[in-house]
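Inspection log for the structure reproduced underneath, given as structure tokens.
The values are calculated or read from the model by the stated rules, or taken from the named source; none is laboratory data. All of these numbers come straight from a predicted model, not from anything done at the bench. Positions of Cβ are generated from backbone atoms using ideal geometry, with glycine treated the same way; all protein chains shown enter the neighbour counts.
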Amino acid sequence: MESIGVLMACPMNPYLEQELHKRFNLHRFWKVPEKSAFLTAHSNSIRAVVGNASAGADANLIEALPKLEIVASFSVGLDKIDLAKCKEKGIRVTNTPDVLTEDVADLAIALMLAVLRKLCESDRYVRSGKWKKGKYMLTTKFTGKRVGIIGLGRIGMAIAKRAEAFSCPISYHSRTEKPEAKYKYYPNVVELAANCDILVVACSLTEETRHIINRKVIDAMGPKGVLINVGRGPHVDEPELVSALVEGRLGGAGLDVFEHEPEVPEELFGLDNVVLLPHVGSGTVETRKAMADLVLGNLEAHFLKKPLLTPVV
Amino acid sequence: MAAENQSQTSQSDLPCVLILKPPPSFALFGDHFLDSPKFQYLKAYESPLPLSQFLHTHAQSVQAILSSGGAPVTADTIRLLPRLDLVVTTSQGLNHIDLSECRCRGIAVASAGTIFSADCADSVVGLLIDVLRKISAANRYVKQGLWSSQGVYPLGYKLGGKRVGIVGLGSIGTEVAKRLEAFGCSISYNSRTKKPLAPYTFYPNVVQLAANCDALIICCALTDETHHLINKEVLSALGKDGVIINIARGPIIDEKELVRCLVKGEIRGAGLDVFEHEPDVPVELFELDNVVMSPHNAVFTWESFEDLCKLVVGNFEAFFSNEPLLSPVALDHLPQFSG
């Protein structure tokens, strides 16, 4: 398979890169100075693209690679891939579901605890060396708080399971109601937002869910509401969120994703009720290896004409 | 005039509760936070008299004491108060009360019971995920603008599937176990006695527990036996992939040894709400990104204080009405803490 051209969209994982280099003819797109010239030169040899949450395969790239057979994403989200175009051209698409579900759900709960219990602020306070006897920091209890989940897929269900262990009543909004799920369903996000203490975004990014967290939803959450986003940055109308937090119209936020990563609105830097993470939802040694193995396994299966492990298209 | 005299008389009829030093809730909510119309407080800290003189003066009126971590009840104090029948502490911990003296004198003790257990357990989970997933460190990274300039943040470690070892499977330990099971962790524990109803693996000593877990959680009381329970041997058994979380009492861990292990990378990380010499914290820890610290505030939530107020006042009111205490501590089977 060493002659098969594989285009890696951006740096994502040293182990994956190494293995792709060993098994295929790997092209590192981020190292190419003249991208369109490159694509023209290699249009006949690139048969696979490996993308992730930052960069995938849009219509232009797909058009430029007539021999493209498969797009394997090092992510579960598919928003950076033009799925319709892939379907049209018979290009297979795979992602990395299940292996990262637990890590993302763990992170959602971690953000809830970090915001409510002021974990980062407490740590900063002790590190400042200013802790004196008789100085106390009051925080908000997490156990028993109402958790509202947008998107009750694998990750949403995993978040619900964890929050239940803290006796949190669970409610959700999803495209369709899930009768097997014993949680309260709300037919729209504003109603969900008005009836929970912590709102967490765990759905996929599509045309419909872009800016699903908007001014109306933020208003419904109110000045004690806490927003957690472990989905995609564009799920949230970021300028609206920033002004709500700065003006105290929203109680707090825990954000792992942003509209223009790695740019993060600087107005949020000074807010102690906001916890900001650099898109680390699946960022553990164990899970990234599992994700990489899944990408490699899918590519291998495809080129050996075996069934794909985790096909989407 | 007559009315004033009357109210003064009824005020002095109220039973007296002694407070040696104000509890943390007074600093946060003012010193009428735990008031009740059914009893009054004698605030020793407001008197110009030296304590022994103050106690001598009021010896016959003091039936009960409101204690907290910073206002210990020693045998000396107890011996100066012949009418003392009850100590209510605002904490779950009891290491600041001379329990054997209370037992001898037949003095009842009431604590915060289990009202803080959920908050403590939540702190444990928060600290553990923070250490493994580098939440506080990554938050610092982003807020310093380093994500856009320096790029990708180092990977953390997955919580799911980790083996959790709980030292002390009491109320807090049980709440911790329940939560971490939902994250896919396996639970084992060491306790003074095996708990036959607990569905978790029991290890007869802490070294064995440490050797068989990835995260060691300290949830036990501080007593003579548990002082420096977590020592060099235990930390070595825990190993370089192990994390330790302490929300119990600082002196349960040999802090010098812990700091040495962390600085040398001999354990993976630590989450600490308590320290041997609070509020002094070893400065070596300030340099470490794999350590997450909090200023002994694991129970400091608005909600818990509301619950505490009801419980403390409720305990005193029950006592003075000859009704059963709401959260009595059983003194018969308690181990010693000689301070």
Within the stretch B:287-311, residues being touching a strand residue (DSSP E or B) at 6+ places or on another chain (Cβ under 6 Å) and either more than 9 Å from chain A (Cβ to nearest Cβ) or of a type in the set (A, V, I, L, M) (or both) number 4
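Inside the stretch A:141-152, can you point out the residues that are surrounded by fewer than 19 Cβ atoms within 10 Å (Cβ to Cβ) and either within 11 Å of another protein chain (Cβ to nearest Cβ) or of a type in the set (Asp, Glu) (or both)?
Answer for the stretch A:141-152, where residues must be surrounded by fewer than 19 Cβ atoms within 10 Å (Cβ to Cβ) and either within 11 Å of another protein chain (Cβ to nearest Cβ) or of a type in the set (Asp, Glu) (or both): just A:GLY144.
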Of the residues in the stretch B:144-198, those that are polar (S, T, N, Q), within 13 Å of chain A (Cβ to nearest Cβ) and more than 20 Å from B:SER123 (Cβ to Cβ) come to B:GLN144, B:SER148, B:SER149, B:GLN150
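For every residue, the table says whether it meets (1) modelled with pLDDT under 95; (2) of a type in the set (A, V, I, L, M).
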{"position": "A:ASP123", "(1), (2)": "no, no"}
{"position": "A:GLY129", "(1), (2)": "yes, no"}
{"position": "A:LYS133", "(1), (2)": "yes, no"}
{"position": "A:ILE150", "(1), (2)": "no, yes"}
{"position": "A:ALA165", "(1), (2)": "no, yes"}
{"position": "A:ALA194", "(1), (2)": "no, yes"}
What number of residues within the stretch A:121-140 satisfy the criterion of being at the interface with chain B (Cβ under 7 Å from one of its Cβ atoms) and either surrounded by 18 or more Cβ atoms within 10 Å (Cβ to Cβ) or touching an Asp or Glu at 6+ places or on another chain (Cβ under 8 Å) (or both)? 10
Does A:LEU277 qualify as being farther than 27 Å from A:MET8 by Cα and within 14 Å of chain B (Cβ to nearest Cβ)? no
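Rundown of residues vs (1) crowded, with 20+ Cβ neighbours inside 10 Å; (2) free of Cβ contacts under 8 Å to residues at least 24 places away in the same chain, yes/no style:
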residue	(1), (2)
A:ARG154	no, no
A:ALA163	yes, no
A:SER167	no, no
A:PRO179	no, yes
A:LYS184	no, yes
A:ASN188	no, yes
A:ASN195	no, no
A:LEU199	yes, no
Regarding the stretch B:127-143, can at least one residue be identified that is crowded, with 21+ Cβ neighbours inside 10 Å, aromatic (Phe, Trp, Tyr) and at the interface with chain A (Cβ under 7 Å from one of its Cβ atoms)? no
Selection from the stretch A:190-208 of residues that are part of a loop (DSSP other than H, G, I, E, B) and either touching a Gly at 6+ places or on another chain (Cβ under 8 Å) or within 25 Å of B:ASP119 (Cα to Cα) (or both): A:ASN195, A:CYS196, A:ASP197, A:ALA202, A:CYS203, A:SER204, A:LEU205
The one condition A:VAL99 fails out of (1) aliphatic (A, V, I, L, M); (2) part of a helix (DSSP H, G or I); (3) within 14 Å of chain B (Cβ to nearest Cβ) is (2)
Considering only residues of the stretch A:255-311 that are acidic (Asp, Glu) and over 18 Å from the mean Cα position of the chain (by Cα), which is farthest from A:ARG232 (Cα to Cα)? A:GLU300
In the stretch A:12-29, anything under 21 Å from A:LYS80 (Cα atoms) and either at pLDDT below 95 or in a strand (DSSP E or B) (or both) is listed as A:LEU26, A:HIS27, A:ARG28
Take the residues in the stretch A:162-189 that are within 17 Å of B:ALA182 (Cα to Cα) and in a helix (DSSP H, G or I), then tell me which one is nearest to the other protein chains (Cβ to nearest Cβ). A:ARG162
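Restricting attention to the stretch B:110-126, which residues are part of a helix (DSSP H, G or I), surrounded by 24 or more Cβ atoms within 10 Å (Cβ to Cβ) and more than 7 Å from every other protein chain (Cβ to nearest Cβ)? Steps first, please.
Filtering the stretch B:110-126 down to residues part of a helix (DSSP H, G or I) leaves B:117-126.
Imposing the further condition that a residue be surrounded by 24 or more Cβ atoms within 10 Å (Cβ to Cβ) reduces the set to B:118-119, B:121-126.
Once the filter is applied, which keeps residues that are part of a helix (DSSP H, G or I), surrounded by 24 or more Cβ atoms within 10 Å (Cβ to Cβ) and more than 7 Å from every other protein chain (Cβ to nearest Cβ), the stretch B:110-126 yields B:ALA121, B:VAL124.
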Hey, does the stretch A:281-288 have a residue that's buried (at least 21 other Cβ atoms within 10 Å of the Cβ) and within 20 Å of A:LEU227 (Cβ to Cβ)? yes
For residues that are more than 17 Å from the chain's Cα centre (by Cα), not in a loop (DSSP other than H, G, I, E, B) and not charged (D, E, K, R), scanning just the stretch A:58-80, find the one that is farthest from A:ALA301 (Cα to Cα). A:ASN60
So is B:VAL299 modelled with pLDDT of 95 or more, more than 19 Å from B:ALA210 (Cα to Cα) and not in a helix (DSSP H, G or I) or not? no
